[in-house]
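Here the structure is laid out as structure tokens; the discussion comes afterwards.
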Amino acid sequence: APNTAGCSLPRPLPVLGDEVRAPIADGGEIGYAALDYAASAPALRAVWDEVAAYAPYYGSVHRGAGYLSQLSTDLYEESRATVAAFLGCRPDDQLIFTRSTTDSLNLLAGALPTGTQVFVFETEHHAALLPWAHHGHPVTYLPAPRTPGQAVATLVNALADAAPGPKLLCVTGASNVTGELWPIAELATVARRSGARTVLDAAQLAPHRPVDITALGVDWVAFSGHKLYAPFGSGVLAGRADWLSNAAPYLAGGGASNTVTAQDGAVGVVWNDNISRHEAGSPNVIGAFAIAAACRALTDAGFEQLVAREEELLAVLRSGLATVPGVRQLALFGPDAPRVAVLSFVVDGWSSEEFAKALSERYGIGVRDGLFCAHPLVRTLLGPEGDGGRAAGCDGPLKAIRVSFGVGTPAEHVERVVRAVRELVAEG
Ligand code: PMP
């Protein structure tokens, strides 16, 4: 029977690509159901429109005396202020435009004082897990917690054993595998009490929930534009200025340097100690402007509305899949933990790869299969039995299937994936 849960919902926000039709196996075509927002979300039409209106006025930033250069510089700096306000930044915080969350966290990793001890759960996305050791810092990898309370207790114990010196906790706000929300404010409080700082990986949190750096009590926040409906190649690192201002510039080049001299075969450089220290090269002004436009659009739509809509659709998805035999939804903190619209599952008797392919080819549904750049977490969740394909004797690596959606998703897409999973499982 058709599921009418969507009728009471407000309409999705218009996004680019919502009219795309995908070819399907019966020779016809169907409206494409983009259910891989967690990898990259489509651009909001509001963002696209703002970018298009600005594009003719594009000029170099911080580099020219001409009108367009001035205009672009003003817009770039206004974008910085808009995003800082969206994140609830404190007056002394710096907001650096980067390429992505990965870029932001690597920038911070390169800016930590020498010998900073880093604490990170082994369940993190690789972008939050790997930069610290890569930049030569000692890292304590914390074991997978099975409840939010256990995460807090694990951190308390780890910090109690820590040697004096600078310390950093890196933690993700919402999992890109299970969608589960982590107890960020509690973890940041524990960290602060032990003299540790916290960086929040908000790549999955920011598109779904308001992120307030001050209210959460974290020191830095990182996120990506392409997951926040602004896919123009930009990201953000926002937070405390001191370590950043004292660190070597992320990239050496123009913009980061204040004065450069050459004499007797030697080159001397005085680096800027403001934001431009870590923004060498010509900045991605359209990317920054697009993120600011996304922040405006989400604020205008109202997170309260957006969250209510998302939770209703997520309930349709989760309760629908729960009625299909052999479908196992993955959770670290258990089925009742609060979460955003990201859900991974495995299906008895199916390899995840084959299942995702069938969803695409037969139903025009785009999901992701794999380990989602969080290998230790997915292996923990799959357990020794692996995915359904393994159990059925299929070859290939262990994987899961991930459905994720957001503000542009119509109820029909969610209803379609539930129906498709039911039909595919019934066919066997
Ligand atoms: N952290 C999390 C939780 C993510 O989901 C992702 C993207 N999958 C990243 C970090 C990295 O983001 P990006 O690829 O935009 O650098």
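Quick rundown of the values:
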{"quantity": "Every residue from the range 163-195 that is surrounded by fewer than 18 Cβ atoms within 10 Å (Cβ to Cβ) and either charged (D, E, K, R) or in contact with a strand residue (DSSP E or B) (Cβ under 6 Å, 6 or more places away or on another chain) (or both)", "calculated": "186, 192, 193"}
{"quantity": "Candidates 81, 53, filtered to the one that is assigned to a helix (DSSP H, G or I) and either under 20 Å from the mean Cα position of the chain (by Cα) or over 24 Å from residue 211 (Cβ atoms) (or both)", "calculated": "53"}
{"quantity": "Test: residue in the range 263-271 that is more than 30 Å from residue 142 (Cα to Cα), in contact with a helix residue (DSSP H, G or I) (Cβ under 9 Å, 6 or more places away or on another chain) and more than 16 Å from the ligand (Cβ to nearest atom)", "calculated": "yes"}
{"quantity": "In the range 56-67, residue surrounded by the most Cβ atoms within 10 Å (Cβ to Cβ) [restricted to those that are assigned to a loop (DSSP other than H, G, I, E, B) and of a type in the set (Ser, Thr, Tyr)]", "calculated": "58"}
{"quantity": "Some residue of the range 68-84 being surrounded by 14 or more Cβ atoms within 10 Å (Cβ to Cβ) and in contact with a Cys (Cβ under 8 Å, 6 or more places away or on another chain)", "calculated": "yes"}
{"quantity": "Matching residues, the range 147-180, being of a type in the set (A, V, I, L, M, F, W, C) and out of contact with any helix residue (DSSP H, G or I) (no Cβ under 8 Å at 6 or more places or on another chain)", "calculated": "153, 158, 160, 162, 163, 174"}
{"quantity": "Answer residue from the range 111-132, given it is touching a residue at least 12 places away in the same chain (Cβ under 8 Å) and surrounded by fewer than 18 Cβ atoms within 10 Å (Cβ to Cβ) and is nearest to the ligand (Cβ to nearest atom) among those", "calculated": "126"}
{"quantity": "Qualifying residue in the range 90-99 (condition: assigned to a helix (DSSP H, G or I), in the same structural domain as residue 60 (by TED's automatic domain parsing) and out of contact with any helix residue (DSSP H, G or I) (no Cβ under 8 Å at 6 or more places or on another chain))", "calculated": "no"}
{"quantity": "Unmet criterion (only one of (1) hydrophobic (A, V, I, L, M, F, W, C); (2) at pLDDT 95 or above; (3) in a helix (DSSP H, G or I)) for residue 7", "calculated": "(2)"}
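The rows are residues; the columns are (1) closer than 15 Å to residue 227 by Cα; (2) in contact with a strand residue (DSSP E or B) (Cβ under 9 Å, 6 or more places away or on another chain); (3) hydrophobic (A, V, I, L, M, F, W, C).
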| position | (1), (2), (3) |
| --- | --- |
| 16 | yes, yes, yes |
| 22 | no, yes, yes |
| 36 | yes, yes, no |
| 39 | yes, yes, yes |
| 43 | yes, yes, yes |
| 49 | no, no, no |
| 53 | no, no, yes |
| 56 | no, no, no |
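The values are calculated or read from the model by the stated rules, or taken from the named source; none is laboratory data. The structure displayed is predicted, hence computed values, not measured ones. Every residue, glycine among them, receives a Cβ derived from its backbone with ideal geometry; neighbour counts consider all protein chains shown.
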